[in-house]
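A short write-up of the structure that comes next.
The values are calculated or read from the model by the stated rules, or taken from the named source; none is laboratory data. Model, not experiment: these values are computed from the prediction. Heads up, the Cβs are rebuilt from the backbone with ideal geometry, glycines too, and the neighbour counts pull from every protein chain shown.
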Amino acid sequence: MKTAIQLTLCLLLVAMTCTRSMAQQAPPFTPMEKKHIRVATPGLFATDKHLYIHLDSLSEGEYCFPLPGGKVISPYGRGGGRHTGTDIKTRANDTIRCAFNGIVRMACVYGAYGNVIVVRHPSGLETIYSHNSKNLVGSGDVVKAGQAIGLTGRTGRATTEHLHFETRINGQHFNPNILFNMEKGTLRHECIRCTKNGNGIVVKPCATAPSAAAQ
């Protein structure tokens, strides 16, 4: 009887260990999330139509301009609003750095984007880095602000080596200049409110907001 109980306990312990191991190894994103840029973030606006990004509470080390020293060569909205990000240039194979702490959702070749990386941040914000000559991270990798994640290139549809940088909420792109002064390469230490309005999202700075977790 004692042996049977011990055997049962051992089998239960093994089962629990295997379950825990499988959970730890389970991919954090669905195949759709790993293959497409414009996807909704599950549950992002499930309980409130407002979402706040607290740039005002970030300290040094919790943010980084994605291409330090870079010059804007094509702003957001250029071409009658068709340009969904900001193009920044330094030199070929320069280091691209993650803007905020987060987890890599997507890292692959994606049409006109070429080699692209999408990072999802705790606030729900996503940042996109494309035309890379090389991606240094993969889907599921945890990354920190300032970490090297890729090298500038001209893969995809690009005429010169540069970084195409996008910011998105729930799959919808918005002007990266709301978060960073793109000309100066500095963070705007403000609270940003994202409001779901029908099928769209309005993103703009706000004077006050409920206390919330930062990036």
> What is the residue count in region 117-141 for residues that are over 11 Å from the mean Cα position of the chain (by Cα) and of a type outside the set (Gly, Ala, Ser)?
Replying inline: 7
> Which of the residues spanning region 124-147 are of a type in the set (Gly, Ala, Ser) and either more than 12 Å from ARG168 (Cβ to Cβ) or buried (at least 19 other Cβ atoms within 10 Å of the Cβ) (or both)?
Replying inline: SER130, SER133, GLY138, SER139, GLY140, ALA145, GLY146
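For every residue, the table says whether it meets (1) at pLDDT below 95; (2) touching a strand residue (DSSP E or B) at 6+ places or on another chain (Cβ under 6 Å); (3) not polar (S, T, N, Q).
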| position | (1), (2), (3) |
| --- | --- |
| ARG20 | yes, no, yes |
| ALA26 | yes, no, yes |
| HIS36 | no, no, yes |
| GLY43 | yes, no, yes |
| ILE53 | no, yes, yes |
| GLU62 | no, no, yes |
| PRO66 | no, yes, yes |
| GLY69 | no, no, yes |
| TYR76 | no, yes, yes |
> Would you pick out the residues in region 148-169 that are surrounded by fewer than 19 Cβ atoms within 10 Å (Cβ to Cβ) and in contact with a Ser or Thr (Cβ under 7 Å, 6 or more places away or on another chain)?
Replying inline: ALA148, LEU151, ARG154, GLY156
> Only one residue in VAL72, VAL118 is under 16 Å from GLY156 (Cα atoms), touching a residue at least 60 places away in the same chain (Cβ under 8 Å) and not in a loop (DSSP other than H, G, I, E, B), so which one is that?
Replying inline: VAL118
> Out of GLY102, GLY85, which single residue is surrounded by 15 or more Cβ atoms within 10 Å (Cβ to Cβ) and within 16 Å of HIS131 (Cα to Cα)?
Replying inline: GLY85
> Any idea which residue in region 90-108 is farthest from LEU151 (Cα to Cα), counting only those that are touching a Ser or Thr at 6+ places or on another chain (Cβ under 7 Å) and in a strand (DSSP E or B)?
Replying inline: ARG105
> Out of (1) loosely packed, with under 14 Cβ neighbours inside 10 Å; (2) within 25 Å of MET32 (Cα to Cα); (3) of a type in the set (S, T, N, Q), what's the single condition that is false for THR186?
Replying inline: (2)
>> Tell me whether region 75-83 contains one or more residues that are part of a loop (DSSP other than H, G, I, E, B) and under 15 Å from the mean Cα position of the chain (by Cα).
In response: no
> Which one of these is in contact with a helix residue (DSSP H, G or I) (Cβ under 8 Å, 6 or more places away or on another chain) and over 15 Å from GLY185 (Cα atoms): HIS121, HIS131, HIS54, HIS50?
Replying inline: HIS131
> Say we look at region 156-177 and pick out the residues that are among the aliphatic types (A, V, I, L, M) and either assigned to a strand (DSSP E or B) or touching a Pro at 6+ places or on another chain (Cβ under 7 Å) (or both); which of these is farthest from THR127 (Cα to Cα)?
Replying inline: LEU163
